[in-house]
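Asker: I'd like to ask you about the structure that follows.
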Amino acid sequence: MASTARVPRRRFTGAGAPWVPYAFVAPFVVLFLLFLVAPIGVAIVNSLFSRQSSGLGFGGSTVDFIGLANFARAFADTDFLMGFPRVLLYGVVQVPVMMAVAAAFALLFDSALVRGRRFFQFAIFLPYAVPSVIAALLWGFLYQPSVSPILQLLSGWGIDVDVLAPGTVLWSIANINLWSLIGINMIILFAALQGVPREMYEAARLDGAGELRTALQIKLPMIGPAILLTTLSSVIGTLQLFNEPQVLQSVTSNIPSDYTPNMAIYAASTLGKDPYLASAMAVILGLATLLVSLGLLAANRRTTKRASDGI
């Protein structure tokens, strides 16, 4: 008769060891230090140096410590500084529009008013899967009157629109980002709505609240952290605007090489061949992004505190 004795299972003896949590966290820490902290450190160090030539340019060159001189040069560069109000104007318009449309789609899909919800969710999310460079190339084709079917149709109706003119090219860039990013923000907000207890909706209906009132007074306040997350990431992305205007440079002359701060940094390091000045510009941009993010968080805390005090 075959033996039915059970073979004892091996147990993981390191479960209670103090090094186990660190082993799980170590991959993230290594990648975080390698790809975020280290580049920031390199940029800060490089911003304090400059390459100096000797012998009227015919001799060798040395890298010398110059302190904050690169930052003074960056603040004296009016073209670099003009990129900041440009992207801030872009963000003041683009971010609220994107968040409003994304929230409207999320609330619509969370209600019982839409049939074929999965299909429409996928259709709205799909542009996010297109890389930003490809999206800019696609829209660059649609922005050229000679080949754009949309502009040709409008021209046939007597409507001549130059979407790449100096006054409209910024909003043409904003349109590309709206098309690309509304879907991912909608998915994040919709996922947050799924975590709201359904009992709250039932209580609101018993109190006589309709769909619109429930959405504005219950759903949106309950997903406040998700709204803050998507808004903050959108603001950071606005300050780092680069791919779309860089690609559209090939189809219009109304986007100079220093149109945004990130483009000015790229131009300084490649066209100007001055990576030390570019590092100083990058540090300034990073500090500006940090200050705007902290300001947004502080404003959110004040709003939340004021709302809680009023309850």
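Asker: Of the residues LEU287, LEU291, LEU241, LEU277, only one is in a loop (DSSP other than H, G, I, E, B) and under 30 Å from SER50 (Cα atoms); which?
Answerer: The unique qualifying residue is LEU241.
Yes/no matrix, rows are residues, columns are (1) surrounded by fewer than 16 Cβ atoms within 10 Å (Cβ to Cβ); (2) of a type in the set (A, V, I, L, M):
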site: ALA76; (1), (2): yes, yes
site: TYR90; (1), (2): no, no
site: PRO96; (1), (2): yes, no
site: LEU107; (1), (2): no, yes
site: ILE124; (1), (2): no, yes
site: ILE159; (1), (2): yes, yes
site: LEU164; (1), (2): no, yes
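Asker: LEU248 is checked against (1) out of contact with any Gly (no Cβ under 8 Å at 6 or more places or on another chain); (2) closer than 29 Å to TRP139 by Cα; (3) not small (Gly, Ala, Ser) and fails just one. What number does that condition carry?
Answerer: That leaves (1) as the condition not met.
Asker: Another question about this same structure. Of the conditions (1) touching a residue at least 12 places away in the same chain (Cβ under 8 Å); (2) outside any helix (DSSP H, G or I), VAL114 clears all except one; give me its number.
Answerer: That leaves (1) as the condition not met.
Asker: Would you check which residues across region 264-275 are surrounded by fewer than 21 Cβ atoms within 10 Å (Cβ to Cβ) and either of a type outside the set (Gly, Ala, Ser) or under 19 Å from GLN240 (Cα atoms) (or both) and list them?
Answerer: First, pick out the residues of region 264-275 that are surrounded by fewer than 21 Cβ atoms within 10 Å (Cβ to Cβ): 266-267, 269-275.
Answer for region 264-275, where residues must be surrounded by fewer than 21 Cβ atoms within 10 Å (Cβ to Cβ) and either of a type outside the set (Gly, Ala, Ser) or under 19 Å from GLN240 (Cα atoms) (or both): TYR266, ALA267, SER269, THR270, LEU271, LYS273, ASP274, PRO275.
Asker: Name every residue in region 137-160 that is hydrophobic (A, V, I, L, M, F, W, C), outside any helix (DSSP H, G or I) and within 20 Å of SER250 (Cβ to Cβ), in order of residue number. So that I can check it myself, show each step before the final result.
Answerer: Filtering region 137-160 down to residues hydrophobic (A, V, I, L, M, F, W, C) leaves 137-139, 141-142, 147, 150-151, 153-154, 157, 159.
If we keep only those that are outside any helix (DSSP H, G or I) too, we end up with 147, 157, 159.
Answer for region 137-160, where residues must be hydrophobic (A, V, I, L, M, F, W, C), outside any helix (DSSP H, G or I) and within 20 Å of SER250 (Cβ to Cβ): just VAL147.
Asker: How do the pairs read when you match residues in region 262-284 that are in the same structural domain as ASN243 (by TED's automatic domain parsing) and on the phi < 0 side of the Ramachandran plot with residues anywhere that are of a type in the set (Ser, Thr, Tyr) and crowded, with 24+ Cβ neighbours inside 10 Å, using Cβ under 8 Å and keeping only pairs 6 or more apart or on different chains?
Answerer: TYR276/SER47; SER279/SER47; ALA280/SER47; ALA282/SER47; VAL283/SER47
The values are calculated or read from the model by the stated rules, or taken from the named source; none is laboratory data. Because the structure is a prediction, the values reported are computed rather than measured. Every residue, glycine among them, receives a Cβ derived from its backbone with ideal geometry; neighbour counts consider all protein chains shown.
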